[in-house]
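**Student:** My structure is below; once you've seen it, I'll send some questions.
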Ligand code: SF4
């Protein structure tokens, strides 16, 4: 058996430049809804390049959150984390007589329900330490070290905590062992620690101290101020010059309502502690949140000015703003989304910060609304999506909210 990778826009496999016709099955990973149209486009290209019928399977965050819609496009959906069932999936693909539908995590049209699979113990599942590195995607950033899955917090908008629950982490000794093997086999000098609930892993400070003592650099994903209070001295030796926070909104009242109980003062205190060791601050915000009032957004400017007061340059304060997208399975699933006009108006609160020198990126509200229709939609939405792509090309998915079905989903 051989397994190789294809990427969007390339007609041959990355590893040995084989053509699609030489493969029997294709597996897709889709992290967020906006990639479904691209995957469908790729499937069409693969079909036209291959005369025989091949099998397709999809997994990832978005299919795990809403598998139904994906069955319109793929033969099977894998729901959850692959490790516990990977051997069964591979056996089923190799052996035509075996029943793929009986594999835990597999959802196919003939089944009425599905079961989400997850690894009970991260210590016992393998971590990639010797990757296949193609010339198209060399390692340029730190090598990813997965510390944890899930999150103990309960932000009402967050699909990650739902589909990756329960909160689990690798032990300190296992993490050290993996880190040593990665450094030995790849020669990298820097690791990027991964995990949505990373800040809450009890032995994270000890792990960071061990990395510093070993001379291994590290980068962190979005973290909480409470973690910074514990590790700010280590960060100056990490080699990183960027720290990321996700306050979601400048308003403490709204932040509490959406389930994130962190006060503004905690973000400011963390920034103060990092003012000498860190150059860049990344801040993730959302707009169009349930119960959001105008005064929640007008606080944006004064919130950001606090970071400037500690000496951070406006151009080094990177703001990423995305419209709130309701996701299936979350407490905010039925909240709907504001009309496009209102979201565009709210996006201007962020865009106008560019004039003051802040580094701002805003995810387009039109695409966010289309994502929400896929996130909440069922097989009917899948059929509609196919029609739109056939009629308007791959960007046809952006028209989903303009359809009667799409509009009714967003208006809940
Ligand atoms: S802290 Fe982050 S990962 Fe955890 S529930 Fe909230 S948004 Fe999700």
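**Student:** Suppose we look only past 26 Å in the calculated P(r) of region 1-126. What percent of the Cα-Cα pairs does that tail hold?
**Tutor:** Numbers: 1613 of 7875 pairs.
Across region 1-126, Cα pairs with separations above 26 Å total 20 percent.
**Student:** Pop a pseudo-label 7 angstrom from the Cα along the beta-carbon direction at both residue 351 and residue 186 and give the gap in nm to one decimal.
**Tutor:** 3.8 nm
**Student:** Can you sort 358, 78, 237 by how many other beta carbons sit within 10 Å, fewest first?
**Tutor:** Ranking 358, 78, 237 by Cβ neighbours within 10 Å, fewest first, gives 237, 358, 78.
**Student:** Over its Cα atoms, what ratio of radius of gyration to 2.2 N^0.38 Å does region 139-379 give?
**Tutor:** Numbers: Rg = 18.7 Å, N = 241, 2.2 N^0.38 = 17.7 Å.
Normalised Cα radius of gyration, region 139-379: 1.06.
**Student:** Also, quick follow-up: If one computes P(r) from the Cα atoms of the chain, what percent of pairs lie at distances over 38 Å? Present the calculation step by step, with values, prior to reporting the outcome.
**Tutor:** Numbers: 21604 of 84666 pairs.
Looking at the chain, the distances longer than 38 Å represent 26 percent of pairs.
**Student:** By how many nm would the segment from residue 25 to residue 120 lengthen if fully extended, with 0.36 nm per residue of separation less the alpha-carbon distance?
**Tutor:** Contour length minus Cα-Cα distance gives 31.4 nm.
**Student:** Of the DSSP beta bridges with both residues in region 13-170, give the percent that are antiparallel, rounding to the nearest 5. Before the final figure, lay out the partial values.
**Tutor:** On the way: 4 of 12 bridges.
The antiparallel fraction comes to roughly 35 percent.
**Student:** What does DSSP give for the chain in terms of the percent of beta bridges that are antiparallel, rounded to the nearest 5? The partial results should precede the final answer.
**Tutor:** On the way: 4 of 35 bridges.
That works out to approximately 10 percent antiparallel.
**Student:** Can you give the FRET efficiency to the nearest 0.05 for residue 277 and residue 391, using r as the Cβ-Cβ distance and R₀ = 60 Å? The partial results should precede the final answer.
**Tutor:** Details: r = 53 Å, r/R0 = 0.89.
Between residue 277 and residue 391 the formula returns 0.65.
**Student:** Within region 224-257, whose backbone N sits under 19 Å from a point 7 Å along Cα→Cβ of residue 298?
**Tutor:** The answer is 249-255, whose backbone nitrogens lie closer than 19 Å to the label point.
**Student:** How would you rank 314, 293, going from fewest to most other Cβ atoms within 10 Å of each one's own Cβ? Present the calculation step by step, with values, prior to reporting the outcome.
**Tutor:** Details: 314 16, 293 11.
Sorted ascending by nearby Cβ count, the order is 293, 314.
**Student:** Roughly what % of DSSP beta bridges within region 139-379 run antiparallel, to the nearest 5? All intermediate terms of the calculation are to be shown ahead of the outcome.
**Tutor:** Numbers: 2 of 25 bridges.
Around 10 percent of the beta bridges assigned by DSSP in region 139-379 are antiparallel ones.
**Student:** If every alpha-carbon in region 340-412 counts as one equal scatterer, what log10 I(q)/I(0) does Debye give at q = 0.14, 0.22, 0.24, 0.25 1/Å?
**Tutor:** -0.51, -0.90, -1.00, -1.05
**Student:** Continuing with this model, one more query. At 7 Å along the Cα-to-beta-carbon direction for both residue 61 and residue 86, put a label point, then send me their distance in nm to one decimal.
**Tutor:** So the label points at residue 61 and residue 86 sit 2.0 nm apart.
**Student:** Going by C-beta contacts inside 10 Å, put 48, 85, 148 in order with the fewest on the left. Let's see the in-between values first.
**Tutor:** On the way: 48 9, 85 18, 148 23.
The order, fewest Cβ neighbours first, is 48, 85, 148.
**Student:** On to the next question. So what are the radius of gyration and Dmax for the Cα set of region 316-375, in Å?
**Tutor:** 13.0, 39
**Student:** Follow-up. Based on the Kirkwood radius over alpha-carbon pairs, what is the Stokes-Einstein translational diffusion coefficient of region 206-346 at 20 °C with 1.002 mPa s viscosity, in µm²/s?
**Tutor:** Numbers: Rh = 16.4 Å.
Translational D for this selection: 131 µm²/s.
**Student:** Compute the length gained on full extension between residue 313 and residue 18: take 0.36 nm times their separation in residues and subtract their Cα-Cα distance, giving the result in nm to one decimal.
**Tutor:** Here the segment from residue 313 to residue 18 would lengthen by 101.3 nm.
**Student:** Another question, then. Using only the Cα atoms, what convex hull volume per residue in Å³ does region 278-412 have? Display every interim value, and only then the final one.
**Tutor:** Details: hull volume 17.2 nm³, N = 135.
About 128 Å³ per residue, rounded to a whole number.
Taken together, the values in this text are just the output of simple stated rules run on the coordinates, not laboratory data. All of these numbers come straight from a predicted model, not from anything done at the bench. We place every Cβ from the backbone using ideal geometry, glycine too, and count neighbours over all the protein chains shown.
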